[in-house]
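Visitor: Let me give you the structure first, and then I'll get to my questions.
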Amino acid sequence: MAGTPSQGWTPDQPIVRLVDVHKSFGTFEVLKGVSFDVRKGEVVCIIGPSGSGKSTLIRCINALVPVTAGSIQVEGIEVTDPRLDKLALRRKVGMVFQQYNLFPHKTALQNVMMAPIHVLGQDRREVEARARALLTKVRLAGKEDAYPGELSGGQQQRVAIARSLAMRPDVMLFDEVTAALDPETVKEVLVTIRELAEEGMTCMLVTHEMNFARDVADHIYFTDRGVIVEHGPPATFFASAQDERTRRFLSQVL
Amino acid sequence: MIEAVQAWFQRLYETTGFNFTVFYDPYDWNRYVAGLRMTLLLGISTILISLVIGAVGALLQSGPSRLLRGLVNGFVVVFRNTPPLVQIFFFYFGLGTLLPAMRTADGLRVPILDNVQWAIVSLSLFAGAFNVEIFRSGIEAVPKTTVEAAEALGYTRFKAYRHVVLPLALRVCLPALNNNLINLLKTTTLAYAIAVPETLYAVKQIWSESQNVLEMMLVLLATYAVLVGVLVWIMHRWERALRIPGYGR
Amino acid sequence: MNPSDRNGPRADERPEGRPTDLPVLLPFAISKNRPPARLRPVHGWLLCGLAVVALPAWAQGGGAALSPLEVVIKWAPLLLTGFAFNVAISLMAMAIGTFAGIGLGLAMLAEGRVLRRIAWSITQVFRNVPWLVLLFFVMFLVPFQVTVFGIRVPLPDWVKATFGFSLPVMANVAEIVRGAVRSVPNTQWEAAESLAFTRRQTMWRIILPQCAKRMLPPWMNVYALIAMATVQASIVGVTEMLTLTAQVHAAEGGRPELFAPLYGFALLCFFLYCYPIDRLTAGLERRFETR
């Protein structure tokens, strides 16, 4: 099942490992050699100016974007392997998007239930019980039968989080999940993510919420022009950034 | 009941001269009903077949094979830009006579497809070509990011198509599809030209024998008004049933 | 960080996903922005070429008779004259229908409720009845001559047929006019009203000029449809291309293998006429959409 480690991988090794990842779109090189490790239960935030390749980086991890060179491993699964079993990978890696991307023709509950039933072939009744519990967990009890179009942005984003969790992933990727939200609904989504992090879910976030990153992250990576410029635990990262680019960026956003 | 209606129309004829033979002469009535049945057969079968052609064509058009894409494009272009009546003639006379025929025990030539079947084939292809375009534009209107979300949840290409893309595409293209299917129902009258005994054909037979052109014209107009009306109603019901609260306008 | 960054996805950062705002709430609209080279003429040429060339070759008949291709070439001038007649009928029907349709469309937008209702009913009837039925209607119920101011004007079949085709054109044009006028934002009416324009002035000087461009593609679409429908005149006995095709076939001894090339030739003529119109329409649609 979803938690089963692959051959040769043990929980004490990094759950996600990137080694010298390169990615080009045509002649434009978005990622120019990115390497880092994420350990199980860690919360990692990736920050940086726009166009620095943050979203591309996070999309490479669940093979939505194929990399040009380098290696990515998730629980020992080699993502760059051309014979990659995408289903096996995506069971382990959940993803939440900036634009929620709920399926507009299904209710909130159906959105959460669809993938476990269609993709994993699980029992409908068992899935429904789990889906209801997940919606309650993201504080959307009572909204089960609402369609995405009837929900606010923050509510939709929480349904999207529940939808990902329904697949029981080991790693969650969050791609600027609050960027499209009204300021007043940002908080409710961040609270949900924080709870997840506190429960020990391995999370990777691309975010512009610096205060949130400072509070929740175990480790912060700053990317610019396709490379990791600087990284460290939030305390040191925000207090004493070494690189000129990092300092300039932080002075603009803080 | 039936007798009363018949008697009423008989009296209408005797007092005013309006001769609605269909409503009191069982022979004409049966011809008319047979014609109506044929129109329904043509309409329903061509609607169903053209939907299948449209769905398959749209799938092939977004598929990987260049040859198939080219063929589907060619099919769409040709059938959209030539008169359906000439298509029917081309199929029925042109291809129908070229195809090998079976022979009965006493040596009579029996074509593989009769005129009704050829009408169904060519009308389905005609409307199918439009459906391909309609479905394709529907599929293109589904946001790429929604498909991406399905992929991120582990959906295969095919499953994402079935559970996410198609249901959404169908809703987007329903108004255009409506129009085309209504058009198709109207186009079934062209089968008249190859002597398919549909409503127009039956009604014309009746008026040339009973000499009541005006009356039968009115019956004809009313018949198509009702048929189109029923189809419009069904399609609207369908549109309503598929409407997603909060989505679209 | 630059605050404008938060407002939307950055195209440069995710070239694989189109920047859309809230896809869930995207309006329902069929995207008409199809890539220009979608349906290339070459496909049509190929198929139609097949119809005229390959079929006769496949169906080579007896030795003495002309080959199907030779038959088509021999009769092409006559058949093309017939085709020209189809084009003429379609142009006349389009002219009459457009004229009447604009009037009917404006009547559907009139202030008087009764007039609006009547215009709407007429539009619905003529849009929903099969064109062939309308054609029969006109052919059988319009007299073969009419008397205007004591002068007898004969109405030959083709005139009646033209009239028959202009009825559905009228209804479709009326619907186009109505739709286009409706699509002009209400603020335009309000602005004109505040400048003391009358309703009629507003319509003719402000609204209609704005929607003329919008009406062009659907109007051309109606034209293509009517051009293809003119062959139906053969069913009610008007001599046009399809009638001539059948006559040519009989004149050549009614050989069954001649059907495909002869009707294929008719298909080809219409295709060559209608396909450019179709392309032009799609091109205009795209151009107007992007502005």
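Read-outs throughout are calculated quantities, based only on the coordinates presented, and are distinct from any laboratory measurement. As the structure is a prediction and not an experimental result, all values here were calculated from the model. Note that we place each Cβ from the backbone using ideal geometry, even for glycine, and neighbour counts take in every protein chain shown.
Visitor: Where nothing but the Cβ of Lys and Arg (+1) and of Asp and Glu (-1) is charged, how large is the charge dipole of segment A:52-156 around its Cα centre, in debye to the nearest 20?
Guide: With Lys and Arg at +1 and Asp and Glu at -1, about 140 debye.
Visitor: Something else now. With point charges of +1 on the Cβ of Lys and Arg and -1 on the Cβ of Asp and Glu, referenced to the Cα centre of chain B, which listed residue (B:ALA129, B:VAL5, B:LEU85) lies farthest in the positive direction of the dipole?
Guide: B:ALA129
Visitor: Then there's this: Give me the inter-chain shielding for B:135-142: mean count of other chain Cβ atoms within 10 Å, whole number please.
Guide: For peptide B:135-142, the averaged partner shielding equals 4.
Visitor: Under a 5 Å amide H to amide H cut-off, with H placed in plane at 1.01 Å, what residues pair with A:ALA146 once short-range neighbours are removed?
Guide: Here the answer is A:ALA108, A:LEU109, since their amide H atoms fall under 5 Å of that of A:ALA146.
Visitor: Moving on. Which Cα, out of A:TYR100, B:MET102, B:LEU227, lies furthest along the positive dipole direction of the protein assembly as shown (beta carbon charges, K/R +1, D/E -1)?
Guide: Going by the Cα projections, it comes out as B:LEU227.
Visitor: Under a point spin-label approximation (7 Å from Cα along Cα-to-Cβ), what is the C:PHE99-C:ILE73 distance to one decimal in nm?
Guide: 4.4 nm
Visitor: I would also like to ask the following. If packing is taken as the mean number of other Cβ atoms within 10 Å per residue, what is the order of A:223-235, B:1-13, highest first?
Guide: A:223-235, B:1-13
Visitor: What does the charge dipole of chain A about its Cα centre add up to, to the nearest 20 debye, if the Cβ of each Lys and Arg holds +1 and the Cβ of each Asp and Glu holds -1?
Guide: So the magnitude is around 420 debye.
Visitor: Put +1 on the Cβ of every Lys and Arg and -1 on every Asp and Glu Cβ in segment C:221-291; which of C:SER234, C:LEU262, C:LEU280 then has its Cα farthest towards the positive end of the dipole?
Guide: Selected residue: C:LEU280.
Visitor: Take peptide A:166-179, look around each residue's Cβ out to 10 angstrom, count Cβ atoms belonging to other protein chains, and average those counts.
Guide: Mean inter-chain Cβ contacts per residue within 10 Å come to 2.
Visitor: Arranged by the count of other C-beta atoms within 10 angstrom, fewest first, what order do A:PHE25, C:PHE126 take?
Guide: By the 10 Å Cβ count, ascending: A:PHE25, C:PHE126.
Visitor: Still on this model: If a paramagnetic tag sat 7 Å from the Cα of C:ARG117 along the Cα-Cβ line, which residues of segment B:207-249 would have the backbone N under 12 Å from that point?
Guide: Nothing falls inside the zone, counting backbone N under 12 Å.
Visitor: What is the fewest-to-most order of C:SER67, B:SER137 by other Cβ atoms lying within 10 Å of their Cβ?
Guide: Ordered from fewest to most neighbouring Cβ atoms within 10 Å, C:SER67, B:SER137 come out as C:SER67, B:SER137.
Visitor: Would you mind pulling out the separation of the Cα centroids of segment A:145-186 and segment A:65-114, in Å?
Guide: Cα centres, segment A:145-186 to segment A:65-114: 15 Å.
Visitor: When the helix-only estimate is applied to chain A (DSSP H runs of n ≥ 4, each -39,500 (n - 2.57), divided by the residue count), what is the mean residue ellipticity at 222 nm, nearest 500 deg cm²/dmol?
Guide: It lands at -10500 deg cm²/dmol.
Visitor: Roughly what angle does helix B:26-61 make with the longest principal axis of chain B, taking Cα atoms, 0 to 90 degrees, to the nearest 10?
Guide: Relative to chain B, helix B:26-61 is tipped by roughly 10 degrees.
Visitor: Roughly how crowded by other chains is peptide B:69-80, in terms of the mean Cβ count from those chains within 10 Å of each of its Cβ atoms?
Guide: Mean number of neighbouring Cβ atoms from other chains: 6.
Visitor: Something else: Arrange the following residues from fewest to most other Cβ atoms within 10 Å of their Cβ: C:CYS211, B:CYS173.
Guide: Final ranking by Cβ density, sparse to dense: C:CYS211, B:CYS173.
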